[in-house]
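**Student:** Okay, here's the structure, questions in a sec.
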Amino acid sequence: MNPKDLFKKLFSKEKDELGKHRPENKKFSKENLPVKYQKSIAEKELSKQFKKLRHQAIYLNIEHEELVTEFDSIRRQFIAEMLAYCSEKNIEHPFQSVPDKKDKSTELSNDEMNNLFREIVRQTHPDLNKNLSKDDAEEKLDLYNEAVQGKQNGNFRKILQVALELNVKIKTITPEFISQLKKEISKMNNQINQIKNDAMYRWYYSDKNMRAQIFELITKNQKKLND
């Protein structure tokens, strides 16, 4: 065998024809670990989703809280004027007592819920904030109490609300966490729309004539009171 042929035989395996992968070429060894890279890509995608959803949840929560406070005032005014209207018309009022229902429809595991709660406690527990100013300590105490209430009632939104306000770092963002966050955002959107479409809310933002028509419509089937 001449030297030229011998050289080709010994060293041709080191070259990769047309850039194709050859098992004996060690420079491609990292590409033999697809799981590692897939995991990294998945984690980045979950983190990206969380950042977008986090901002959306914060602004929606602010809108929701303001609307709930406003609607509470609207409801009291509506009930007072409706009772006065029914008394004047000598008819039964249409209100019924409905017990409040606690929402425990969270699919987040206890471990994930507990981890989030523990991170909140680390930042808000009174024993860990003794060196803060009075105002800051009271603010942290309020957040701590809200989180405790959420934990006791299984209210993921309450815990999430406190965590977002404190900018608590989520150590592990799982698909389940993202899914639950999306559901809470959807719930807030639905509740905001329900309030804005409620008869009492529409009544409040109507003129005098429309308000009277709404009262007439609501009470048209109410029975007369005995004289």
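The values are calculated or read from the model by the stated rules, or taken from the named source; none is laboratory data. Computed from a predicted structure; not experimentally measured. With ideal geometry, Cβ positions are generated from the backbone for all residues, glycine too; neighbour counts draw on all protein chains shown.
**Student:** Would you pick out the residues in segment 151-164 that are free of Cβ contacts under 8 Å to residues at least 24 places away in the same chain and surrounded by 13 or more Cβ atoms within 10 Å (Cβ to Cβ)?
**Tutor:** If the condition is that a residue be free of Cβ contacts under 8 Å to residues at least 24 places away in the same chain and surrounded by 13 or more Cβ atoms within 10 Å (Cβ to Cβ), then 158 is the only one that fits.
**Student:** To continue, here is another question. Does residue 220 fit the bill of being within 30 Å of residue 111 (Cα to Cα) and either of a type in the set (Lys, Arg) or touching a Gly at 6+ places or on another chain (Cβ under 7 Å) (or both)?
**Tutor:** When the stated conditions are applied, residue 220 does not pass them.
**Student:** Within segment 79-127, track down each residue that is over 22 Å from residue 224 (Cβ atoms), at pLDDT 85 or above, of a type outside the set (D, E, K, R) and not in a loop (DSSP other than H, G, I, E, B).
**Tutor:** If the condition is that a residue be over 22 Å from residue 224 (Cβ atoms), at pLDDT 85 or above, of a type outside the set (D, E, K, R) and not in a loop (DSSP other than H, G, I, E, B), then 117, 120, 121, 123, 124, 126 are the ones that fit.
**Student:** Here's a follow-up. Check off (1) surrounded by fewer than 18 Cβ atoms within 10 Å (Cβ to Cβ); (2) on the phi < 0 side of the Ramachandran plot; (3) modelled with pLDDT under 90 for residue 167 and give me the number that stays unchecked.
**Tutor:** With respect to (1) surrounded by fewer than 18 Cβ atoms within 10 Å (Cβ to Cβ); (2) on the phi < 0 side of the Ramachandran plot; (3) modelled with pLDDT under 90, residue 167 is out only on (2).
**Student:** Right, another one. For segment 128-141, name all the residues that are surrounded by fewer than 11 Cβ atoms within 10 Å (Cβ to Cβ) and part of a helix (DSSP H, G or I).
**Tutor:** If the condition is that a residue be surrounded by fewer than 11 Cβ atoms within 10 Å (Cβ to Cβ) and part of a helix (DSSP H, G or I), then 134, 135 are the ones that fit.
**Student:** If you don't mind, another one. Enumerate the pairs (first residue in segment 179-199 and without any contact (Cβ under 8 Å) to a residue 24 or more places away in the chain and surrounded by fewer than 16 Cβ atoms within 10 Å (Cβ to Cβ); second residue anywhere and part of a helix (DSSP H, G or I) and among the hydroxyl-bearing types (Ser, Thr, Tyr)) with beta-carbon separation below 6 Å, excluding pairs fewer than 6 apart on the same chain, so at least 6 apart or on different chains.
**Tutor:** none
**Student:** Right, another one. When residue 214 is evaluated against the numbered criteria (1) part of a helix (DSSP H, G or I); (2) in contact (Cβ under 8 Å) with a residue 40 or more places away in the chain; (3) surrounded by 14 or more Cβ atoms within 10 Å (Cβ to Cβ), which criterion, by number, is the only one it fails?
**Tutor:** If we test residue 214 against (1) part of a helix (DSSP H, G or I); (2) in contact (Cβ under 8 Å) with a residue 40 or more places away in the chain; (3) surrounded by 14 or more Cβ atoms within 10 Å (Cβ to Cβ), just (2) comes out false.
Condition check ((1) assigned to a helix (DSSP H, G or I); (2) touching a helix residue (DSSP H, G or I) at 6+ places or on another chain (Cβ under 8 Å); (3) of a type outside the set (A, V, I, L, M, F, W, C)) across all residues:
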site	(1), (2), (3)
147	yes, yes, no
159	yes, yes, no
163	yes, yes, no
168	no, yes, no
182	yes, yes, yes
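**Student:** Let me ask something else. Those residues that are of a type outside the set (Asp, Glu), touching a helix residue (DSSP H, G or I) at 6+ places or on another chain (Cβ under 7 Å) and at pLDDT below 95, I need them from segment 53-74; list them, please.
**Tutor:** 53, 54, 56, 57, 58, 60, 61, 64 - these are the residues of segment 53-74 that are of a type outside the set (Asp, Glu), touching a helix residue (DSSP H, G or I) at 6+ places or on another chain (Cβ under 7 Å) and at pLDDT below 95.
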